[in-house]
Amino acid sequence: MVVNCLIEFENNGSDTYLAGQVVRGKVTLTADVQKQVKAVTLKIKGLAHTSWSEDEGMGDDKKSVDYTGHIDYIKSKTQLFVSNKGSSTDTEFVIIEPGVHCFPFTCHIPPHSPSSVEGFSGYIRYWVQITLKRPWKFDQIYTKGFTVVNIKDLNYDGELKLPVNTDITKVFCCGPFKSDPLQLHVQLPQTGYVPGQLIPVSILVTNDTKARINEICVRLVMVVNLFSTHPLHKSKSETRTVSKLIGDPVLRHCKKHFNYLLPIPATPPTCYTLCSIIQIAYRVEVEAKMQGMMFTNQCIHTPVTIGNVPLQMDGMVVQQQPMFRQFDITENYGSGVGIIENNNDLSTSNRNMEPWSAMGNIPAPVYMEATHMPQGKLSEESAHDYGEKNFSPKYPVFNIPSPTSLQPSNGDETDGPVCPPTVTDPDKTTWL
C-alpha cells in the first residue's frame with residue numbers, strides 16, 4: 001500500500017460522543033513514495049436508514065417490493081488534497097509527497113441527533129470516511145465509526161418512579177374440557193432504569209391447571225420499530241432479547257412467588273421522538289413455559305423505559321426495593337437464582353461526562369458494546385476499503401449497587417396446596 005491512513009479521535013478512548021458535542025480528531029496520511037491522486041476528501045456522515053423487502057400480490061402478480069427510509073443528520077465534506085484546476089478529468093491530479101501529512105478536523109453533532117443503533121433492517125450510524133480519488137484506478141477508502149448518545153434523563157418523567165402491576169389469566173380449552181385458570185401477576189417497583197442496573201421482578205404464579213410449568217423465563221426485550229418513506233409509508237418491527245433469566249418450574253395446582261433481578265447490559269436508550277423512521281422501546285417479558293401440547297406458553301409484557309441518566313432523589317440514585325409486601329400471600333417463596341444469559345465485556349475504560357458528574361453516590365459510567373445488536377457494515381466496497389469495516393456502538397453502563405432483599409411477611413396459610421420450597425430456608429429469598 002503506497003499511502004497509509006490513520007483516523008484518530010482526540011481525548012476519546014471509547015469513540016463515543018454526546019449529541020450536541022463537537023467531534024475532534026485528526027487524519028494522518030503516510031506515503032512512502034510519491035502518490036498521484038485526483039483528490040483526497042474527508043466526509044463525516046450521520047444518518048438513519050431503513051430497508052426491507054416484502055412479497056405482495058398473489059399468483060402471477062406476486063412481486064417483491066423494496067421499502068426504504070433515509071434521514072441525514074450530519075453531512076460534512078472537506079477536501080484535504082485537490083487539483084489546483086479543480087478538474088474532475090482523469091488528466092488532472094495532485095502529488096502526495098513522501099512523508100507524514102496530518103489534517104485536524106472538527107464537526108458539531110446536532111443536539112437532536114438520535115443515539116446510534118444497529119439492526120438488520122435499519123440503523124442510525126455515524127462515521128468518518130477518507131477517500132483517495134485515484135486516476136484510472138478504484139478509489140481507496142478508509143473509514144472509522146463513532147457512537148453518538150443522546151441524553152435521556154429519566155428524572156423528567158415522574159411516573160417512571162412509580163410501581164407497575166400487570167396480570168393475565170388464561171383458561172385452556174373450553175366446554176367440559178375447560179381447565180382451571182393459570183394466573184400470572186408481575187410487579188416492578190419502578191419503570192425507569194439505566195444500563196448497569198438490575199430490574200427487581202416479582203412474579204406470582206397461580207397454576208390451577210393440570211399441567212406443570214417447566215420453567216419461568218424472564219427477559220428484557222428491545223423492540224425496534226422501523227418506518228419507510230419510499231415507495232410509500234409502511235412499518236415493521238424487530239425484537240432483540242437484551243438479557244434473560246431462566247427460573248424455576250411450578251407444579252400443577254400450585255401457587256408460587258418468585259423474585260428475580262434482571263440485568264440491563266449496554267443498550268441504546270428508549271427513543272420515540274428524535275427519529276421518525278427508527279424508534280426504540282423496551283419491555284420486560286415473563287413467560288410460563290407449559291408442559292403438554294394442549295397447554296400453550298403464556299407471556300406477559302410490562303413496558304419499561306431505558307435511559308442514560310438514572311432516577312435520582314436529593315442527588316442520590318434511586319434504586320427501589322422489590323415489592324414483597326404488595327402480594328397478599330404467605331406461602332413459601334421460590335428461589336431468585338436464575339441462569340443469566342448475557343455476554344458483555346466489562347473491560348472498557350471509564351470516561352467522565354458532564355451529565356453524570358453530579359451523581360456523587362456512583363462512579364462515572366464505562367462504555368461497552370451492545371452484544372445483542374448486529375455489527376454495522378461501514379464499507380459498501382470492502383475490496384477497496386482499508387479502514388474499519390465493522391463497527392459496534394458503545395453505550396454508558398453504570399455501576400449501581402443491587403437492591404437489598406426484604407424478608408417476606410409472616411401470616412396465615414392460604415387455601416389450597418402450596419408448592420414445596422426450593423430454597424434451604426423458606427423464610428428467605430436468594431437474590432442474584
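The values are calculated or read from the model by the stated rules, or taken from the named source; none is laboratory data. The structure presented is a predicted model; accordingly, all values stated were derived computationally and were not measured. No Cβ is skipped: glycine too gets one built from the backbone with ideal geometry, and neighbour counts run over all protein chains shown. Accessible surface areas use protein heavy atoms only, side chains included; no ligands, DNA or RNA. Shrake-Rupley method; radii C 1.70, N 1.55, O 1.52, S 1.80 Å.
Quick one: give the max-minus-min coordinate of the C-alpha atoms of the stretch 182-228 along each principal axis, largest first, in Å.
Largest to smallest, the principal-axis extents are 45, 31, 15 Å.
Once you put a point 7 Å from the Cα of residue 171 and another 7 Å from the Cα of residue 30, both along the Cβ direction, what distance in nm separates them?
If labels sit at residue 171 and residue 30, their model points lie 7.6 nm apart.
Express in nm, to one decimal, how much length is gained between residue 236 and residue 180 on full extension, taking 0.36 nm for each residue of separation and deducting their alpha carbon distance.
16.5 nm
Quick query: amide H of residue 152 versus all other amide H atoms, modeled in the peptide plane; which residues come in under 5 Å with a sequence gap of 5 or more or a different chain?
Answer set, sorted by chain and number: 308, 309.
If each residue of separation counts as 0.36 nm, what is the full-extension length gain between residue 120 and residue 106 once their alpha-carbon separation is subtracted?
Full extension of this stretch gives 2.0 nm more.
Anything over 27 Å Cα to Cα? Flag those among 77/144; 62/289; 244/389; 77/152; 43/234, in the order listed.
Result: 62/289; 244/389; 77/152; 43/234 exceed 27 Å.
As a test of reading the structure, rank 389, 45, 137, 75 by solvent-accessible area (1.4 Å probe, protein chains only), most first.
Ranking 389, 45, 137, 75 by accessible area, largest first, yields 75, 137, 389, 45.
Give me the percent of accessible area attributable to carbon and sulfur for the stretch 1-134, probe 1.4 angstrom.
Ligands and nucleic acids excluded, carbon and sulfur reach 48 percent.
Using a 1.4 Å probe, what is the accessible area per residue for the stretch 1-159, in Å²?
Per residue, the stretch 1-159 has an accessible area of 50 Å².
Once Lys and Arg get +1 and Asp and Glu get -1 on their Cβ, which of 105, 58, 124 lies farthest toward the positive end of the dipole of the stretch 53-163?
Result: 105.
What is the spin-label model distance, in nm, from residue 137 to residue 43 if the labels are put 7 Å beyond Cα along the C-beta direction?
Label-label distance for residue 137 and residue 43, simple model: 2.0 nm.
Mind listing the long-range amide H neighbours of residue 378? Cut-off is under 5 Å, sequence gap 5 or more, other chains count too, H placed in the peptide plane at 1.01 Å from N.
When sequence neighbours closer than 5 places are left aside, the close amide H contacts are 390, 391.
Alpha carbons only, please: Rg and Dmax for the stretch 1-70, in angstrom.
Rg then Dmax for the stretch 1-70, in Å: 21.6, 62.
Please find the FRET efficiency linking residue 297 to residue 229, where r is the Cβ-Cβ separation and R0 is fixed at 56 Å, and quote it to the nearest 0.05.
Taking R0 as 56 Å, the efficiency between residue 297 and residue 229 is 0.90.
Starting from 0.36 nm per residue, how many nanometres of slack lie between residue 399 and residue 70 once their C-alpha separation is accounted for?
Taking residue 399 through residue 70 to full extension adds about 114.8 nm, to one decimal.
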